[in-house]
Amino acid sequence: MKLVVVGTGYVGLVSAATFAKTGCDVVGVDIDAAKVARLSRGECPIHEPGLGELLQEGLADGNLSFTTDLAAAIVDAQIVLSAVSTPTGPDGERADLSAVFAVVDAVAEHATGDLVFINKSTVPVGTGRICEERIEKAIAARGATARVVVVSNPEFLQEGSAVQNSLEPHRIVIGINDGPAKMMAAERMAALYRPFIGEGIPVALMDRESAEVVKYASNAFLATKISFINMMSALCEKVGADVRQVAAAMGQDPRIGPAFLRAGVGYGGSCFPKDVRALVATGRELGLDMAIAAAAQQVNDAQRERFFQAVLAGLSPAATVAVWGLAFKPETDDVRESPALELAAKLVAAGHRVRAFDPAAKPALPGAELCANALEAATGADALVLMTEWAEFRGADLAAVRKLMRGDRLFDGRNAYEPETAKQAGFAYRGVGV
Ligand code: UGA
């Protein structure tokens, strides 16, 4: 089966490599010619454990190739999977769907026979219907007989463990609506996912709108869980409680569960902030108040700000601050909506000297210095701020770090250290809710 994956970002590249591993003939398409050239040479453009190996395996097996020529790739494809980005649009809330529509228009123009169009990007409810209508209209206008079915098949992978999540998903959600070509689409989706179904991974088959909602509901729920524990962390600080103990005991109730109850500087990344904002905007358009999602967003903003203010208040004027971690989470080089970048900018604006290090992320940091390693960043610093809980930071010898520093402030934005250990190492420690 020939599968065309459009967009070679996190979701697209991981999907392309995974389906190539399961034996599909996969063509990855991207408008970025330099990226396509790198991918064709087997160079992985992102830091994602296991992805480079999977990419090289697919290229060597001949199951995976890359091109910029979307039109040519579509002509003999059975499935086109769109994984282009849907960033927040110019209004600051709603998803910008222009990249999705560009793929849709190419499919409408070049589809020849039966084709399944999978939408993997996170798109507002109803987008699948708009895409299908757009395609049908264009095909009719050119007098063609091609049948294109639009399927919603949201992605649930987490950056940093994307390959594993993709090879062993908790569930596969497929949304197909009734129509004359529904059987054709269902059969192709079953063929695509057969290796996973064979492993006993559950498939949730539903209508397209429900599948579109599942994605937003899942991300908003997880974001709410994080914001809930962050809200409790503020209370814990006031009353002298320890949010880590609170979260652990709460999580032992199977109705609550232990996951996503780590208090910290708030969630970031390319998904939660964008998707929660988009859900709130969708609700507003429909005359609905998505109150819990809006509150999750508000608590997240407040949690970041609370931590930033605590750091700023704990510094002497023109201090040298080491920032450990720039990626929005460990095991990725992604800095989209990363709280660390906002903190660095705030510190620079307040007249402090920032020396930052991240094992994978190397972004431009106006006014700050990027250091070659963690110890270099800490050397001579008045304060150390831990923003991303990479294993190498968690395992650092705090006493040795303290000796390299001038000051004794340690702001732990991820509760990566035991307060007692940090104190014994000579630090004035501040965590989140501890
Ligand atoms: C998230 C979802 O977890 C995936 O299921 C989904 O597929 C993806 O968005 C998406 O929509 O594409 P991701 O953004 O890669 O995945 O990362 P997460 O591991 O969910 O972390 C998101 C943020 O929440 C990070 O900033 C992380 O530090 C923070 N977080 C997570 C906490 O502050 N506390 C926690 O307990 C867990």
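The values are calculated or read from the model by the stated rules, or taken from the named source; none is laboratory data. Since this is a predicted model, take the numbers as computed values, not measurements. Here the Cβ positions follow ideal geometry from the backbone for every residue, glycine too, while neighbour counts run over all protein chains shown. What goes into the accessible areas is simple: the full protein's heavy atoms, side chains included, and nothing from ligands, DNA or RNA. Shrake-Rupley method; radii C 1.70, N 1.55, O 1.52, S 1.80 Å.
Results, tabulated for the structure shown:
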quantity: Sole exception among (1) without any contact (Cβ under 8 Å) to a residue 60 or more places away in the chain; (2) buried (at least 18 other Cβ atoms within 10 Å of the Cβ); (3) farther than 28 Å from Ala220 by Cα for Ala185, by number; calculated: (1)
quantity: Per-region count, the range 162-182, residues more than 24 Å from Gly23 (Cβ to Cβ) and open to solvent by less than 20 Å² (accessible area, probe 1.4 Å); calculated: 2
quantity: One residue from Ala318, Ala327, Ala340 being open to solvent by 30 Å² or more (accessible area, probe 1.4 Å) and out of contact with any helix residue (DSSP H, G or I) (no Cβ under 6 Å at 6 or more places or on another chain); calculated: Ala318
quantity: The range 258-284 residues that are touching a residue at least 12 places away in the same chain (Cβ under 8 Å) and open to solvent by less than 30 Å² (accessible area, probe 1.4 Å), paired with ones that are in a loop (DSSP other than H, G, I, E, B) and near the ligand (Cβ under 6 Å from one of its atoms) (beta carbon under 6 Å, 6 or more apart); calculated: Gly268/Phe328; Gly269/Phe328; Asp275/Thr122
quantity: Listing of strands (runs of 3 or more DSSP E) fully contained in the range 123-213 that carry 3 or more residues being within 22 Å of Leu279 (Cα to Cα); calculated: 147-152, 172-175
quantity: In the range 60-84, residue farthest from Val11 (Cα to Cα) [restricted to those that are in a helix (DSSP H, G or I) and open to solvent by 60 Å² or more (accessible area, probe 1.4 Å)]; calculated: Val75
quantity: From the options Glu57, Glu43, residue that is open to solvent by 40 Å² or more (accessible area, probe 1.4 Å) and part of a loop (DSSP other than H, G, I, E, B); calculated: Glu43
quantity: Looking only at the range 21-39, and only at residues there that are under 28 Å from Tyr193 (Cβ atoms) and small (Gly, Ala, Ser), the one that is surrounded by the fewest Cβ atoms within 10 Å (Cβ to Cβ); calculated: Gly23
quantity: Filter pass, Ala364 being more than 24 Å from Arg402 (Cα to Cα) and within 27 Å of the chain's Cα centre (by Cα); calculated: yes
quantity: From the options Ala368, Ala360, residue that is modelled with pLDDT of 95 or more, within 16 Å of the ligand (Cβ to nearest atom) and not polar (S, T, N, Q); calculated: Ala360
quantity: Selection within the range 128-142 - in contact with a Lys or Arg (Cβ under 9 Å, 6 or more places away or on another chain) and buried (at least 18 other Cβ atoms within 10 Å of the Cβ); calculated: Gly128, Glu132, Ile139
quantity: Residue that is nearest to the ligand (Cβ to nearest atom) [pool: residues in the range 143-161 that are within 13 Å of Arg188 (Cα to Cα) and either over 22 Å from the mean Cα position of the chain (by Cα) or open to solvent by 20 Å² or more (accessible area, probe 1.4 Å) (or both)]; calculated: Val150
quantity: Residue within the range 212-220 that is buried (at least 19 other Cβ atoms within 10 Å of the Cβ), of a type in the set (S, T, N, Q) and at pLDDT 95 or above present; calculated: yes
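Residue by residue, here is whether (1) of a type in the set (A, V, I, L, M); (2) modelled with pLDDT under 95; (3) more than 9 Å from the ligand (Cβ to nearest atom) holds:
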| position | (1), (2), (3) |
| --- | --- |
| Phe260 | no, no, no |
| Phe272 | no, no, no |
| Asp301 | no, no, yes |
| Val323 | yes, no, yes |
